[in-house]
Amino acid sequence: MKNIEDIIRNNRDLFDTAEPQDGHFERFCSRLEERFPAHTMVRRSIVPYLLKAAVVTLLVTLSSLWTWEHFLKPGRDRMTLGDVSPQYREVENYYMYQVNLMSNEIASLDENDEGQKQMLLAEMKSMDSVYIQLQKDLRANPNDERIINAMIEHYQTKLEVMNYIVNQLKIIRNDNQTRKAHENSGL
């Protein structure tokens, strides 16, 4: 192999002066087309563009996620009890679990009165807006025990209100069932 390379290097000026015969490029292209059909050539030329498009899409997606996480994420100006300490995280998780249980119970007891349902949702949203403000205050003063205690009291109050609503809905439900039973027995 080295001998051939040496011959070519030593006689380079002879190789550079000669031109290929007429029709050489046409024969070369026809042989390429026979060996590699046109659709594979087209496919090979598309692959780099698809790869570039995939890379651009990936970069746009990652930069969007990074921007969302660092600048646009809702609640960025708020802080939860769990951010203060692991003990408060346990307290917050307990109350959130209890609130979810009560919400499910209220939903199961609701008598399909849309006006009443809207009123309950508005009241819960109002209570949640107070809590969101407490979270913002906690972000500003993370070591303020008064804010932490207010957040815990908020959960306790919310649970008491929800418990009262559940009890009232149960009373209404029982009254309705009793009334229906009396109406059915009178028929």
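Within region 78-87, track down each residue that is assigned to a loop (DSSP other than H, G, I, E, B) and not basic (Lys, Arg). Spell out the reasoning first.
Within region 78-87, the subset assigned to a loop (DSSP other than H, G, I, E, B) is 78-80, 84-85.
Of everything in region 78-87, those that are assigned to a loop (DSSP other than H, G, I, E, B) and not basic (Lys, Arg) turn out to be MET79, THR80, VAL84, SER85.
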**OP:** Please identify the pairs in which a residue from region 82-99 that is closer than 17 Å to ASN143 by Cα has its Cβ atom under 6 Å from the Cβ atom of a residue that is hydrophobic (A, V, I, L, M, F, W, C) and surrounded by 14 or more Cβ atoms within 10 Å (Cβ to Cβ), counting only partners at least 6 apart or on another chain.
**Re:** TYR88/LEU81; GLU92/LEU81
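Listed here are the residues, each with its yes/no results for (1) among the hydroxyl-bearing types (Ser, Thr, Tyr); (2) assigned to a helix (DSSP H, G or I); (3) at pLDDT 85 or above; (4) buried (at least 16 other Cβ atoms within 10 Å of the Cβ).
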{"residue": "ARG89", "(1), (2), (3), (4)": "no, yes, yes, no"}
{"residue": "TYR94", "(1), (2), (3), (4)": "yes, yes, yes, no"}
{"residue": "ALA107", "(1), (2), (3), (4)": "no, yes, no, no"}
{"residue": "GLU111", "(1), (2), (3), (4)": "no, no, no, no"}
{"residue": "MET124", "(1), (2), (3), (4)": "no, yes, no, yes"}
{"residue": "VAL130", "(1), (2), (3), (4)": "no, yes, yes, no"}
{"residue": "LYS136", "(1), (2), (3), (4)": "no, yes, yes, no"}
{"residue": "ASN143", "(1), (2), (3), (4)": "no, no, no, no"}
{"residue": "GLU183", "(1), (2), (3), (4)": "no, yes, no, no"}
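The values are calculated or read from the model by the stated rules, or taken from the named source; none is laboratory data. Predicted model only: the values in this text are computed from it and were never measured. When we count neighbours, we look across all protein chains shown, and the Cβ atoms used for this are built from the backbone with ideal geometry, even at glycine.
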